[in-house]
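Beneath this line is the structure, given in structure tokens, with notes to follow.
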Amino acid sequence: GDQKPLVELDCFDMYPMLHLQNIWAILVENRVSVKSLVAVLSFLVLTGKAKGANVQQRVGGLHASSLYLLLLGIPGSIAHKVFHEVLLDVCSDLWSHCWPQESGKKRKKDGLKSSQAEGKRSRPQRKDIADLEVDEEEEEEEEVHFSGPDLMKIRDAVILLVQSLLRLLHTFPLKDRPQNASNFTQLLYFEPVIGELTFATVQDITKLRSVPEMAFYGLQLLCLPKHGNQRESLRRVFHCLLYVILMMNKGTRGKPSLLTLNQAILSTRDQAIHFVCHLVEVLKELALPLLHILLQHICFQMVEKSEFRSHGAQAVGMLISEMTSTDYACFIKWLFNFSRHTKMVCRLFSVDVVMVLLEQVERRPEECQDPHLACFLPSKFLIQSLLFRSADGRSPTVQGHALSCLAQCLELPSLNVTRAVHNLFSASEKTHTHTHTHTHTHTKHQSLAFSPPLQFNLHLIRRDVSYYIFFNAAKENVALLLRRVKDSKTNVRKSALQALVGLLKHDVIPMSLENLAMLSERCRDPAVSVKKKALQSVGELLIARPECSAVQKAWLQGVVPAVVDSENSVQDKALEALDQILLSQVKLYSASCHLDTSQRLAWDLLCLLCHDCQNLSQYFSRAFTTWSKQDKFTPTFTTNLISHTEADHADGAWLLLSKVAASSPRLPYGKILDTWDSIVSSKGANVTTCCHILSVIGNIAAYLNEDTKDRIVNDLMYLLKTFNLSLEVISAAVETLYQLGCTEDIKLTQAFLNQHGGELVSICEFYLAAIILNENGAQNLNEELMVKHLHTLGVVSLLCPAKVGKRTVLLVESVLTTHSDKLIELPASQPLSQFKANSLPTRVRAHGVITLGKLCLQHEELVQRYLPVFARELEVGTEVAVRNNVVVIMCDLCVRYTTLVDHYIPNISACLRDNEAVIREQTLIMLTNLLQEEFVKWKGSLFFRFMVVLVDPVPAIASMCQYCLLHLLLKKNPEMFSQHFIECIFHFNSYCKHKSYNKFPQSESEKVRFSLKGVQNRGKRFQIYRFLLEHFTDAQRFNISNKINQTVLACFVDEELPLDADGAEILSETFNILSLKEMKLQAISAPAGVTAGEEAEARTWPQWLRLSSSCFDPQVQKKAFIENTVPLIISLKSLLEQKRSVLRELMAYLQVRPQHRNGGGYTHIHLK
């Protein structure tokens, strides 16, 4: 017809058909039987096909096949009965039997292994795998090795065979033979192709350079009309190329196996994609519908492996570029539906395809012939309807991948893509348009400026409504992203962090405290990989926004505490970041030089550490302890650092110097002493800088001469006696005083401290007596001065306890209670019952508690005297600051006087339910520290009081309690949760009738304070139960179920516990607990769509403990359930029917129980 042929047919001069037509006559003349000739050729072919055939036999078989194909292609072959269907199939595929397949076998075995890893739950495949392994063993037994020349002979024979097959396709119609396309497809892997294939019209097949090039030409020939229906032929070719593009090995049975990726496989895949594009370009309308089908098959048969998905998405992108805009829109519509498929891999791959399509040039809606499909063309649809919707899906793996891709969208060069992401999370563009309506409206709306005012206002109202709807959607999207940052799955949190940082870097969302705090918090995430990702993310943000003070604070709050992380790799990452950002930027300073961006950033961060982030000082000091062992502080570094002490950022320089001096005290002392002299004379230095300078002087004190020491001691004593210093400087000055007087002789050191410390104690005692013992002393009280005297007395008393007399103690005590003229004569055997209110301010009384506690640290008799007073103050005190300091003092005393304070731990732990949030938080922190160091044990009601903090009304305190329990305390006692679980049921319901549980002593006020009894607290109780169960191992879940049967249900069956109202509540709660999904053994049935080991790094329990126990065997569980639980259930049902009590909960438990053991072999229990 008029259609352009796919290939030219009249161009084979090497194949003179006119001369070959006489071959039949020649054979007859020479009395050669055609039938016998075909039989001989068949014998040679079958001989070469044998597994043990040598080189000559294989080459002979290939030549015989070539000859048979040539004969078959000569006109008259059908009449002379040359055609034989089976022999044709064998000849066409003989190369695969003659060419050694060592590399192919290895690829097959590796592919099967990959396929197994991809679908671990595909049990029916095991039989096929076993059969293939047997076949491979047989092949290995009969394997024949060939030399290089032998392989070249076989290759030449294979080329001759393929050329003969191509010649046959020009003359002999091969209809309804799908195996031909498969044979050519296998030839694509025969050898690598040098250079690029063009698929142009072939004039001479002998000019084709390689076997794969011939194979592609053969696939072209198969698409000719003479070989059957052209559409059907093209469909077969596409079907065979599908597995080349997917990089799979399609065997004759079973599911396709993955090939081991290498350069040859990837190159063949690329050639196949270009070949499909060539066919689509030539055949156009005939190929486009089949291209749609091919793309859909690629999507549906994609595997979960990320590398295969990535290459598959690139293939889809290349193939879809051959489509018109209308066809493109149709595919996007199909992809939208595909992205909602129930299989997780389908949703994952749709995200990959979207990312590839976003990199292409966006198609314009006017290019689409169907107006209903035009909406699928813009990048906005791909991002908002496919990509972001996947981030809100039900699978954590898909959520994480979509969020990660969303972050990558902001790095793409397309303005439309960036604008679409902005529209998702920010109303800035709409705000801009709304504010400047008169400059951004189209021409048709310009007349609004001359319209009546009413029409203009209505227009603005409509825009306002549209804007606020858009703003609310953007706000919800940001909230969703922040929720994903705190998701329970590790990969989701990591990807959400990446997305959050991308949005912050590109100013899509504001640098608010909430957004930045989220980054800092993730640096302390339970999962190591998330912590590392957070450290990397906050570092990227700092580099992108070095001038932003909020980002600088977030970086410090995230990175600095990480230097004490429990994971060494996280510590190393934090130290590396600090070294790169801070230490490496300390260069020699000159007033005439200009600080670059990196140097200015370093000094800004150090100044923040001096002022706004002083709470990070202890973590920062730990970093210097590590660096000192690595010899980071060279003389050059020290010289450069000291040169900055006169700059405008001197505060940061002294901070660094104070840390460096502790590990490298060999410093230029003259500069430091000159600075100290200027501080003494000016009396106007910054408080923080003074503390750092005093720290430096204390560290170099051992290297100063006596005259210099005496001069500094006199300066310090003068400053301390004036009481003009701040509290922080007083503490630093006293510490420096101690370092200046410290010698190798302990007696001399103590004499020095008694001399100077005693003088300060006497001054403080004289001042306190003048205020307290004077009737009008409190009226003219200078609160600030009183606090400084109390603080000085406290810190000095720790250095010279011998100089603290009874009078001093009683004066401090008087700060906390009323006094009389005979107060000094009060005997020590008559202790106070509690602190009593007086006229002194609360701040003074709070400091008085701290001072009294420091006095107690050095005198055991004072501890015995005042511990009951402290405990009583916690119970009845009304001043928040005083009670808060009492908690701190009692916990400090517990470290030194553990036995004495142990009796008062219930008094301290009672503050976990204090009315003031600050006291609850302080108590939680202090008790956690004591439990970590094992100064306090889990005795009595302490564990249950910690559990109550999990439902604290302040979310931050509840979150802190979770962190303390999971990441600080549970590691030391992994059985802690399971040991106390059953007692939680009785304790939180205030049930005391069990013979073993809930028998520890408590006061009535404590019982009321910590009680969670009643329907109104049911949600809180089950929140605690779920928290405990979520962090059980499977062995613990199995054991706790049996233990509940024995210690709770059996007690009711045996009537050890009465089935009264309280008993019914306990029994009902027990059944509800047993019905919780958290009681389900995770090792037996993991949720669909969650990859194995996804949360392994964040779990507390060793993996072997979860998988090694025999209790996970379904038969063991079934037997235990039938033997232990079923008899109890039957007895309980009878008992409950008599009492008409909690039968509903029992039946609900029976309905849930079989579902909890799905796959465990349980059958539903029918109770008559």
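The values are calculated or read from the model by the stated rules, or taken from the named source; none is laboratory data. Fair warning: this is a prediction, and the values are worked out from it, not measured in the lab. Reconstructed Cβ throughout: ideal geometry from the backbone, glycine too, with neighbour counts over all protein chains shown. Note: accessible area is taken over every heavy atom of the protein model, side chains too, but ligands, DNA and RNA are not part of it. Shrake-Rupley method; radii C 1.70, N 1.55, O 1.52, S 1.80 Å.
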Worksheet entry | Space enclosed by the convex hull of the alpha-carbon atoms of region 172-278, per residue, Å³ | 106 Å³
Worksheet item: Per residue, what accessible area does region 691-770 have, given a 1.4 Å probe and all protein chains present, in Å²?
Response: 46 Å²
Worksheet item: Hey, what did region 297-391 get for relative contact order, percent, Cα under 8 Å, at least 6 apart?
Response: 32 percent
Item to complete: Would you mind working out the magnitude of the charge dipole of region 227-277 relative to its Cα centre, with +1 at each Lys and Arg C-beta and -1 at each Asp and Glu C-beta, to the nearest 20 Debye?
Response: 240 debye
Worksheet entry | Farthest positive-ward along region 690-821 dipole, Cα basis, beta-carbon charges - from I772, V796, T749 | T749
Worksheet entry | Cα coordinate range in region 522-617, projected on the principal axes (Å, largest first) | 47, 25, 22
Discussion item. Could you derive backbone 3J(HN,Hα) for region 551-563 from the dihedral phi with the Karplus parameters 6.51, -1.76 and 1.60 (θ = phi - 60°), listing whole Hz in sequence and x where the residue is Gly or Pro?
Written reply: 5, 4, 5, 4, 5, 4, 5, x, 8, 4, x, 6, 5
Worksheet item: When the accessible area of region 841-938 is computed with all protein chains present and a 1.4 Å probe, what percentage of it is carbon and sulfur?
Response: 47 percent
Worksheet entry | Qualifying trypsin sites (Lys or Arg not before Pro) for region 208-284 [loop in DSSP, other Cβ within 10 Å: at most 16] | R209, R253
Discussion item. Accessible area per residue for region 287-416 in Å², computed with a 1.4 Å probe and the full protein assembly in place, what is it?
Written reply: 39 Å²
Worksheet item: What are the trypsin sites (Lys or Arg not before Pro) within region 870-968 that DSSP puts in a loop, where the Cβ has at most 14 other Cβ atoms within 10 Å?
Response: K937, K939
Fill in: Square roots of 5 times each gyration tensor eigenvalue, C-alpha, region 479-559, largest first, Å
18, 14, 10
Practice prompt. Using the Karplus curve 6.51 cos²θ - 1.76 cosθ + 1.60 with θ = phi - 60°, work out ³J(HN,Hα) for each residue of region 570-576 in order, rounded to whole Hz, and write x for Gly and Pro.
Written response: 5, 4, 4, 5, 5, 5, 4
Worksheet item: Once region 919-986 is represented by equal point scatterers at the alpha-carbon sites, with solvent omitted, what log10 I(q)/I(0) does the Debye formula produce at q = 0.27 Å⁻¹?
Response: -1.44
Worksheet item: Which one of P841, V895, V948 is farthest out on the positive end of the charge dipole of region 833-957, using unit charges on Cβ (Lys, Arg +1; Asp, Glu -1) and the Cα centre as origin?
Response: P841
Worksheet item: Cα centroids of region 728-781 and region 238-284: how far apart, whole angstrom?
Response: 86 Å
Worksheet item: Restricting attention to region 979-1055, which GluC sites (Glu not before Pro) occupy a DSSP loop and are surrounded by at most 10 other Cβ atoms within 10 Å?
Response: E1055
Worksheet item: Ratio of region 1001-1089's C-alpha Rg to 2.2 N^0.38 Å, to two decimals?
Response: 1.27
Practice prompt. Starting from 0 in steps of 10 Å, tell me what percent of the Cα-Cα pairs of region 929-1028 lands in each bin.
Written response: 14, 49, 34, 4
Item to complete: With the full set of protein chains in place, find how many percent of the accessible area of region 292-394 is carbon and sulfur; take the probe as 1.4 Å.
Response: 51 percent
Worksheet, complete the sentence: Sorted by accessible surface (1.4 Å probe, heavy atoms of the protein chains only), largest first, F172, F935 come out as F935, F172
Fill in: Size of electric dipole in region 692-781: Cβ of Lys, Arg +1 and of Asp, Glu -1, about Cα centre, debye, nearest 20
80 debye
Worksheet item: HN-Hα J couplings of region 50-61 from phi, Karplus 6.51/-1.76/1.60, θ = phi - 60°, integer Hz, Gly and Pro as x?
Response: 4, 5, x, 5, 8, 5, 4, 5, 5, 5, x, x
Item to complete: Would you compute the Debye intensity of region 666-759 from its alpha-carbon atoms alone, equal scatterers and no solvent, and pass along log10 I(q)/I(0) at q = 0.19, 0.21 Å⁻¹ to two decimals?
Response: -0.88, -1.08
Item to complete: Give the dimensionless ratio obtained when the Cα radius of gyration of region 317-400 is divided by 2.2 N^0.38 Å.
Response: 1.07
Practice prompt. Summarise the accessible area of region 717-790 (1.4 Å probe, protein heavy atoms) by the percent that is carbon and sulfur.
Written response: 53 percent
Worksheet item: With every protein chain in place, what's the accessible area of H239 (1.4 Å probe, Å², nearest 10)?
Response: 80 Å²
Worksheet item: What ranking of E307, E1078, E196 comes out by heavy-atom accessible area, probe 1.4 Å, highest first?
Response: E196, E307, E1078
Worksheet item: Pairs K629/K709; K937/K971; K380/K475; K939/K972: which are spaced more than 23 Å apart, C-alpha to C-alpha?
Response: K629/K709
